[in-house]
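Down below is the structure, laid out as structure tokens.
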Amino acid sequence: MSGTVAGMDVHYPPEAESFREKVQAFLAEKLPADWHGVGALEGDDYWTFVLEWRKTLHAADLLAVGWPVEYGGAGLTPLEQVVVAEEFAKAGVPGGGANDVFGIQMLGNTLLQWGTEEQKRYYLPRILANDDIWCQGYSEPNAGSDLGNLGTRAVRDGDEWVINGQKIWTSFGHLADHIFVLCRTDTSAPKHRGITFLLCDMRQPGVEVRPIKMISGESEFNEVFFTDARCPVANVVGEINGGWAVAMTLLGYERGEAAAVLPIRYRADLDRLFDLARAYGKAGDPTVRQRLAWCYSKVEIMRFLGYRTLTAWLSGGHPGPESSIFKNLWSEYQQVETELAMEIMGPAGLVPTGRHPMAAFQTDDAGAPNDTASWTTVFLNARAGTIYAGSSQIQRNILGEMVLGLPKEPKADQGSWSESSKRS
Ligand SMILES: Cc1cc2nc3c(=O)[nH]c(=O)nc-3n(C[C@H](O)[C@H](O)[C@H](O)COP(=O)(O)OP(=O)(O)OC[C@H]3O[C@@H](n4cnc5c(N)ncnc54)[C@H](O)[C@@H]3O)c2cc1C
């Protein structure tokens, strides 16, 4: 085929389908007969299920499906990993607990590439056993899109690093006991060359976590303050002052794994939106119908873009600019979709009732009731989707430079970090 679909394969080979049957059998065995998705649970029932489900996955070696078996992973091929992710999304079960995106997906995968053998042998099993719960200490008040500008300092004192500074927007930091933290270890080097990637235990007096209250009323992210906090010298991942390369590897894992799962989740979410329109007597309204049709077309595009991304990944490619297209597609779509939900609900959306989403990022959980609290909370949280994991503008810069070949952004901050931070 030619044009934009070149290189995309929407068919799964037979071995994927027989593996899919095994995953489905596992789910049928482990989930209750009347299972409707984790969204049907609320409060303590929800969190108890997630914790127990995590243990079930751990016992079956299905928590870190891509890790090698020797480190407690399932050692699955990329195709098998995709099948597991798809079947879990269809069944409405999580692939792990709240902080596993940081421990398993981001840090674990990064340690496999950059960690010493000691670091891998020590940390990877502890992540899987939930002995260490991780969060991500990258962003600072003066370093978000311009992450290289970060100013949290780490100074060597014998066998330890002493850390001082502040991180912000630290998701699930209040649930974590460990943080991977980017620190400035050479102030005289150019911005990206004086950064070191450190593994820090948060259970010490020098680390203070302060929750930030969001517009939705929830507190999922935090400020983290370091005041003479310490970590051993052996906790450097990669080279001293070479942390930028490690940090970028990790961001690849943050942005990379959505292609298989999000089209399934957004399709289920759209079905809920159709039901919502029917419930509010708006399904016959021509303007609402037109906007629902627009949503449908976007979710279909998401599905085919997902196939294209996965095809490239399965043939050994790394997620390239298409992950920026995908990020902008789902995050900008979700803002329009949830605005439509708010308009369909009308005044009822202003007095949210029923079950609130238990996790606020992206769609509500599969099986969640079509309550006003569900849509209102997701509507508010959708504002964040175009900011975290690289804002829409930053994704467009990437696409402009890497796909369209436009000239690179002018950099006003050449020279050492201390010189350029004086200028900003
Ligand atoms: C819900 C949520 C969870 C998060 N979780 C974490 C976490 O766990 N750990 C962590 O470290 N961080 C986390 N972040 C932080 C996130 O990575 C940053 O918010 C993001 O990188 C943007 O940085 P900033 O907020 O400082 O905005 P800024 O970088 O100050 O950007 C402000 C505006 O300027 C635009 N802009 C900036 N630079 C350019 C440019 N060069 N060209 C064009 N436009 C530009 C941006 O697009 C944006 O619209 C989280 C953020 C959110 C919203």
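The values are calculated or read from the model by the stated rules, or taken from the named source; none is laboratory data. Everything quoted here is computed from the prediction, not taken from an experiment. Here the Cβ positions follow ideal geometry from the backbone for every residue, glycine too, while neighbour counts run over all protein chains shown. SASA here: full protein model, heavy atoms, side chains in, ligands and nucleic acids out. Shrake-Rupley method; radii C 1.70, N 1.55, O 1.52, S 1.80 Å.
Over the chain, what portion of Cα pair distances is larger than 33 Å, expressed as a whole percent? Spell out each step's value before the answer.
Values: 33419 of 89676 pairs.
Tail fraction, whole percent: 37.
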Exercise. Roughly to the nearest percent, how much of the accessible area of the chain is carbon and sulfur, given a 1.4 Å probe?
Worked result: 56
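List the relative contact order of the chain as a percent without decimals, with contacts defined as Cα pairs under 8 Å and 6+ residues apart. Before the final figure, lay out each step's value.
Working: 676 pairs, mean separation 67.5, N = 424.
Averaging sequence separation for qualifying contacts and normalising by length gives 16 percent for the chain.
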Seminar exercise, completed: Heavy-atom accessible area with a 1.4 angstrom probe orders Phe221, Phe197, most exposed first, as Phe221, Phe197
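Listed highest first by mean packing, meaning other Cβ atoms within 10 Å per residue, what order do 100-108, 392-400 come in?
Values: 100-108: 23.8, 392-400: 16.3.
Answer by packing, highest mean first, reads 100-108, 392-400.
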For this session: Please compute P(r) over all alpha-carbon pairs of the range 241-300, binned at 5 Å starting from zero, and give each bin as a whole-number percent.
Result: 4, 15, 17, 15, 10, 8, 8, 7, 6, 5, 3, 1, 0
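With a ≥ b ≥ c the root eigenvalues of the C-alpha gyration tensor of the range 112-260, is it rounded (a/c under 1.5), prolate (a/b larger than b/c) or oblate? Working shown, then result.
On the way: a/c = 1.24, a/b = 1.13, b/c = 1.10.
Judged from the Cα gyration tensor, the range 112-260 comes out rounded (a/c under 1.5).
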For this session: Sequence neighbours fewer than 8 away in the same chain don't count; with that in mind, list the aspartates and glutamates whose C-alpha is under 13 Å from Lys30.
Result: Glu52
Exercise. Given the rule -39500 (n - 2.57) for each run of at least 4 DSSP H residues, summed and divided by the residues of the chain, what is its mean residue ellipticity at 222 nm, to the nearest 500 deg cm²/dmol?
Worked result: -14000 deg cm²/dmol
Problem set entry | Cα long-axis angle, helix 43-59 against the chain (0 to 90 degrees, to the nearest 10) | 70
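As an exercise, find the ratio Rg/Rh for the range 291-424 from alpha-carbon atoms, using the Kirkwood inverse-distance average for Rh. Walk me through the intermediate numbers first.
Working: Rg = 19.1 Å, Rh = 17.5 Å.
Rg/Rh for the range 291-424 comes to 1.09.
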For this session: Identify all lysines with a Cα-Cα distance to Lys408 below 29 Å; exclude those on the same chain that are fewer than 8 residues away in sequence.
Result: Lys167, Lys191, Lys327, Lys422
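Keeping every protein chain present and rolling a 1.4 Å probe, give me the accessible area per residue for the chain in Å².
Numbers: 19860 Å² over 424 residues.
I get 47 Å² per residue for this part.
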